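Reading through the structure tokens given below for one structure.
The values are calculated or read from the model by the stated rules, or taken from the named source; none is laboratory data. Everything numeric here is computed off the predicted structure, so don't read it as measured data. Cβ atoms come from the backbone with ideal geometry, glycine included; neighbour counts cover every protein chain shown. Note: areas computed on protein heavy atoms with side chains; ligands, DNA, RNA excluded. Shrake-Rupley method; radii C 1.70, N 1.55, O 1.52, S 1.80 Å.
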Amino acid sequence: MRKNKEIQTVRYTLDNKYKNLGVNKSYAIFTYGCQGNEADSEVMAGILEEIGYTKSNDPMNADLVILNTCAIRENAEQRIWGVLGQLKGRKRENPDMIIGIAGCMPQEENATNKILESYSFIDLVIGTHNKNHLPKLLYEAYMSKAKVVEVISSEGEILEDAPKIRESHHKAWVNIMYGCDEFCTYCIVPYTRGRERSRAKEDIIKEVEELVSLGYVEITLLGQNVNAYGKDLKGDYTFGDLLYDLDKTGIKRIRYTTSHPRDLDEKTMRAMRDCKSVMPQLHLPVQSGDDEVLKKMNRKYTYDEYMTKVNRLRELVPDIALTTDIIVGFPNETKEQFENTLKLVQNAKFEGAFTFIYSKREGTPAASMPDEVTDEEKHRRLEELNVYINQGYLEGHKRFLNQIVEVLVDGPSKNGEGMMCGYTPHLKLTHFKSEDLSLVGKLVKVKVTEAKTWFMIGELCE
Ligand code: SAH
Ligand code: SF4
Ligand code: F3S
């Protein structure tokens, strides 16, 4: 039962009319942005294959190309305009090609206007809230030969029972909630993804049980703020409860992302200690180490409150690997404020971070804040910060030297012939010598022999 009656669960069904729409046609989906988008692309792929499309071996020349876009920072958008430029040429050679644009960019009015005005070769614009309409919208695109635009700006629905083509056979994304109600002042996500809405726990548990029966080893629970799970549902079932319940399904590894520090509660931290399947690793975005900046960002916690949570986590899970997100150059950030971030980085002992220069997003409160800091200074701060962050990556790997770690094997390494790689419980990328493809998707023991900044190297134990 939901507190907000406007949010509805929609069970996916396919109208017979669209059943063979994609027969003899190929598709390609280009995915940008966060894991939420990766999970959405798996659903779009599932829907497309159900109506007959096959995955293209030559993505830039597929019969249907969908860009699943991200609007988080300006450079994310620039990249997409660039790909669209290339696709324009392909479409000229192959006028029957259908080009669709999905994801977060269409949810921004400015971007949609730009698409309508300057990118006339795009056939389909759909946004984040209506993947289930894909067959109908494609049908209209084929029938009308005119641009089909359906961007829904509502609170959003929860789509259940849609088909999915998962990228991996051993690791799976599992959405537990959609949207975000935090409204950090720099961030576009609450506008592109709508209100926070949680899936029913029964649907989540059923999905994980199915994954276990299919042989999946690891799941990552997804949401923009997973710690707010359940707040929109009636009752007092929380994210911590969900972790305890999912631990009982028999899935071997559970991770989750992303956590908002304010909502990370004692029960969740205890679940991390108590549940064997919940991995000793957490991504806990801090954004800044300065109280004034945190306030202007509307993050709703202070330096001390963040550190109190970190210290409590380390009490409960002493070997936890913590990573974070940091923004430098938030409007009018002073040198002292930036130094407070450096101080926090050293105190929190992060073992990795995504670091960003603040990017102005139209329509967000921070976009109208005065900003006197030069680009040059922002870049300098980013570089200085990254020296500390990279040191943290290295330290995080060094602590496993000469230890035996368990690696879930993903496949052959990209950087080295005869090597394979995978991740440890602490989410450390580990390469080891082997060409045995039968190890893919298995948990193996590896003795760590070298610690680098970005990865570890080890030897497979017999
Ligand atoms: N919901 C997640 C993060 C989603 S966006 C969370 O709050 O933790 C991923 C990261 O992008 C954010 O953590 C933030 O560090 C960064 N980010 C978001 N908006 C940004 C902006 N306007 N400029 C620069 N970085 C931004
Ligand atoms: Fe954006 Fe803040 Fe929501 Fe994360 S919690 S998605 S940073 S508004
Ligand atoms: Fe980007 Fe949208 Fe995710 S803006 S980070 S794809 S929620």
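Computed quantities for the displayed model
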| quantity | calculated |
| --- | --- |
| The stretch 161-367, Cα convex hull volume normalised per residue, Å³ | 128 |
| For the chain: accessible area per residue (Å², 1.4 Å) | 45 |
| Convex hull volume of the stretch 116-205 per residue (C-alpha atoms, cubic angstrom) | 155 |
| Computed FRET value (nearest 0.05) for LEU460 with GLN346, which takes r as the C-beta separation and R₀ as 25 Å | 0.10 |
| Antiparallel bridge percentage (DSSP; both residues within the chain; nearest 5) | 35 |
| Fraction of beta bridges assigned by DSSP in the stretch 404-460 that are antiparallel (%, nearest 5) | 85 |
| Percent of beta bridges antiparallel (DSSP, the stretch 161-367, rounded to nearest 5) | 10 |
| Cβ-based net charge around ASN311, under 12 Å, with every Lys or Arg adding one and every Asp or Glu removing one | +1 |
| Alpha carbon convex hull of the stretch 130-262, projected area averaged over orientations, nm² | 9.9 |
| Charge dipole magnitude, Cβ of K and R +1, D and E -1 - the stretch 83-135, Cα centre, debye nearest 20 | 160 |
| LYS206-GLU395 FRET efficiency (beta carbon distance; Förster radius 51 Å; 0.05 resolution) | 0.80 |
| Share of Cα-Cα pairs in the stretch 280-396 lying beyond 26 Å, as whole percent | 18 |
| Positive-end extreme of charge dipole, the chain - chosen from ALA348, ILE7, VAL23 (charges on Cβ) | VAL23 |
| Cα-derived Rg over Rh, computed across the chain with Rh taken as Kirkwood radius | 0.96 |
| Alpha-carbon spread of the stretch 9-150, three principal axes, descending order, Å | 40, 40, 28 |
| Alpha-carbon Rg with Dmax, taken over the stretch 404-460, Å | 9.7, 28 |
| Electrostatic dipole magnitude of the stretch 404-460 [Cβ: Lys, Arg +1; Asp, Glu -1; Cα centre; debye, to 20] | 160 |
| √(5λ) per eigenvalue of the Cα gyration tensor, the stretch 202-309, largest first, Å | 28, 14, 12 |
| Prolate/oblate/rounded label for the stretch 6-51 (Cα gyration tensor, a/c 1.5) | oblate |
| Label zone at GLU305, where the point sits 7 Å out along the Cα-to-Cβ direction: the stretch 318-357 residues whose backbone N lies under 17 Å | none |
| Sulfur and carbon atoms: percent of accessible area, the chain [1.4 Å] | 49 |
| Where labels lie 7 Å past Cα in the beta-carbon direction, separation of LYS276 and THR449 in nm | 3.1 |
| Order of exposure, largest accessible area first, which applies to TRP173, TRP454, TRP81 with probe 1.4 Å | TRP454, TRP173, TRP81 |
| Cysteines having no other Cys beta carbon under 4.7 Å from their own, within the chain | CYS34, CYS70, CYS104, CYS180, CYS275, CYS421, CYS461 |
| Radius of gyration and maximum dimension Dmax of the stretch 92-132, Cα, Å | 10.9, 32 |
| 222 nm mean residue ellipticity, helices alone, for the chain (DSSP H n ≥ 4; -39,500 (n - 2.57); rounded to 500) | -10500 deg cm²/dmol |
| The stretch 1-85: C-alpha gyration tensor shape, a/c 1.5 cut-off, then a/b vs b/c | oblate |
| Cα-Cα over 20 Å, subset of LYS171/LYS276; LYS114/LYS147; LYS295/LYS349; LYS201/LYS442; LYS164/LYS428 | LYS295/LYS349; LYS201/LYS442; LYS164/LYS428 |
| Whole-Hz couplings from phi, Karplus 6.51/-1.76/1.60, listed for the stretch 160-167; x for Gly and Pro | 10, 6, 6, x, 9, 10, 7, 5 |
| Net lengthening on full extension, GLU117/GLU315 (0.36 nm per residue, minus Cα-Cα) | 65.7 nm |
| Estimated FRET transfer efficiency when R0 is 60 angstrom, pair GLU336-VAL23 (beta carbons, to 0.05) | 0.40 |
